[in-house]
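Right, one structure below, let's go through it.
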Amino acid sequence: MAPTRRTRLSRRSLLAAGLAAPALIGLGRAAQAATILKLSHQFPGGTIDEGDFRDRMCRKFAAAVKERSKGAIEVQVYPGSSLMKTNAQFSAMRKGALDMSLYPLPYAGGEVPETNIGLMPALVTSYPQAMAWKSAPVGRKLTEILLAKNIVLVSWVWQAGGVASRERPLVRPEDAKGLKVRGGSREMDLMMKAAGAATLSLPSNESYAAMQTGACDAVITSSTSLISFRLEELAKSLTSGRGRSYWFMLEPIMMSKSVFDGLPKDQQELIMAVGAELESFGQEGAQADDIRVERIFGKAGAKVETLDEASLSRWRDIARDSAWKDYAAKSSSCAEMLKLAEAVA
């Protein structure tokens, strides 16, 4: 029987499919070769050139890793806690359920008490002191502790902070009496309570709503968050962190160690190299925002004040007798961390 037109078409289709199969398989292998890493953070999203510098830093990290790995690694950035809620990110990294996060380190204090050293009031008071931690014994100890908890520190970022107040300024310790204050860590709350304030615990991305409803009178957070979360719309006063501050937070890019360990050695080295190279961008961004926040709040009509050395010294005395003491009493590990941190002048 002569082949019908349908039979001829079927044979032609099978032949074409057979010829195309090697190319399709090759494309499939190329697609599978790319490692996808998801990087989450709580801050507002933007572009690689505009917006919150922490989001920009994550995007620059993603672009550099993709380019230098020749597409073997693709980092997908999820801003605004769009991938998962803020407080869940550290635990998710520990379990390998989240690859990476730019994360305020003391938010992890409930799981790893030592991490509260990353926002110990009046312990770090300047950027040079903060940036010296990485290569100092305190930085090496912190890195070891996190590695034991399945976390790799990829890129160190420190930020100074200030205070946005709905009504009266919060500059000296006596100003805290009777205020409801968001401090950002257990230790910061202990210092504020010792000064006479009431405190509430919430991520910085919930600060606007808390101030708007009156649940919070004053928010202490990084200069960048004061800007990104538009607190100038609600505040009549700003205490700037420029020059000196009792609020310095470590907000590093971190990675799940189990995910990191699953990568080839050359890719591990690439990730760590890019993270280290971007630290200067992070510190420049933080310091630029210490200046910019004053301009933004001043333009909105807020009274802008700075912290003098005498006031900072009084805050340090209160912190030493409350927050530092409480932290050191938690464990021998915490006591050692504090001692090492105090040695960094």
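The values are calculated or read from the model by the stated rules, or taken from the named source; none is laboratory data. It should be emphasised that the depicted structure is a prediction, and the values quoted were computed from it without experimental measurement. Every residue, glycine among them, receives a Cβ derived from its backbone with ideal geometry; neighbour counts consider all protein chains shown. Quick note on the areas: whole protein, heavy atoms, side chains included, nothing else; ligands and nucleic acids left out. Shrake-Rupley method; radii C 1.70, N 1.55, O 1.52, S 1.80 Å.
Quick look at the values:
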quantity	calculated
Filter result for the condition that a residue is hydrophobic (A, V, I, L, M, F, W, C) and buried (at least 24 other Cβ atoms within 10 Å of the Cβ), over M272, M188	M188
Residue list for segment 126-172, filter: surrounded by 23 or more Cβ atoms within 10 Å (Cβ to Cβ) and not hydrophobic (A, V, I, L, M, F, W, C)	S155, Q159, G161, G162, S165
Qualifying residue in segment 151-173 (condition: part of a helix (DSSP H, G or I) and closer than 30 Å to E233 by Cβ)	yes
Qualifying residue in segment 87-100 (condition: of a type in the set (A, V, I, L, M, F, W, C), open to solvent by less than 60 Å² (accessible area, probe 1.4 Å) and closer than 28 Å to D317 by Cα)	no
Within segment 280-329, tally of residues that are basic (K, R) and under 16 Å from E342 (Cα atoms)	3
Residues that are touching a Cys at 6+ places or on another chain (Cβ under 9 Å) and either aromatic (F, W, Y) or within 16 Å of D175 (Cβ to Cβ) (or both), drawn from segment 306-331	Y327
Count - residues of segment 32-55 that are touching a residue at least 40 places away in the same chain (Cβ under 8 Å), farther than 17 Å from L226 by Cβ and not in a loop (DSSP other than H, G, I, E, B)	6
Segment 121-146, subset aliphatic (A, V, I, L, M) and part of a helix (DSSP H, G or I), residue nearest to A341 (Cα to Cα)	V138
Within segment 101-124, tally of residues that are more than 15 Å from the chain's Cα centre (by Cα), closer than 14 Å to E251 by Cα and open to solvent by 10 Å² or more (accessible area, probe 1.4 Å)	0
